[in-house]
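A quick write-up on the structure given underneath.
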Amino acid sequence: MDIETAQADVRRVYRGGFSGPLVSAVIWAAASAGFRWGSIELSMGVLFLGGMLIFPLSSLVLKMMGGPAFLPRGHPSAALAMQSAFTVPLGLLVAIALGSVAPSLFLPASLIIVGAHYLTFISLYGMRLYGVLAGALVAVGAVAMFALPALRDVSGWIGTVVLLAFSVPLQAPGIPTGAVPPSCRRGTEGWMPCPCPILRVPGSAPMPTGCRTRSTNRRRRCPR
């Protein structure tokens, strides 16, 4: 499979990845509220725990919309999608350490970390818009940290608005239920059991939606 085909699969299955920034916006709103009306510890806890839940919650949003929410097993981009999501809570450990010394720097530093992690999405999805999102979040965090200290307390709210705004143009059409993504069509070199010839596997577990025939539950092998 070439990289463009893999990117097309990622865009279709994850619908452009819009659910990630959408879920992140909700988490950032909660963390900003915790910072404003609670404590720095509450804000840290919400952002750290929320960061670990972004991927499963984003997948849940896709599932509720109908169609697949995960790339099929064996897809070359499946692991990268999950690994890139978990860079956020790991990076937030640095922001938490910084925030323990200077609480006002926690949210701006976290914005830089979250923004930087979106750079990998440019290659994962093949969408340059993620570079713009990354630049916007990093810029807000950097300006609040180094140029305009007055923005530090509201930087989390600004990040919330940025994430929410980008979730709209990022949305891409998903795979209709029962459809076959490009990488599973006849004539491509497969990364999982897929097209020719069609074999019936009695009692087998259902295949992922993208590689299931419309009428029966049959596994299909790709050419070598």
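With θ set to phi - 60°, apply the Karplus curve 6.51 cos²θ - 1.76 cosθ + 1.60 along the range 40-55 and write out the HN-Hα couplings as whole Hz, x wherever there is a Gly or Pro.
Each residue's phi maps through the Karplus curve to give 5, 5, 5, 4, 4, x, 5, 5, 5, 5, x, x, 6, 9, 4, 5 Hz.
What is the extension gain from Ser39 to Ala165, computed as 0.36 nm multiplied by their sequence separation minus the C-alpha to C-alpha distance, in nm to one decimal?
Details: separation 126, 0.36 × 126 = 45.36 nm, distance 2.70 nm.
Result for the pair: 42.7 nm of gain on full extension.
Bear in mind that the values in this text are calculations on the coordinates, not laboratory data. All values reported here derive from a predicted model rather than from experimental measurement.
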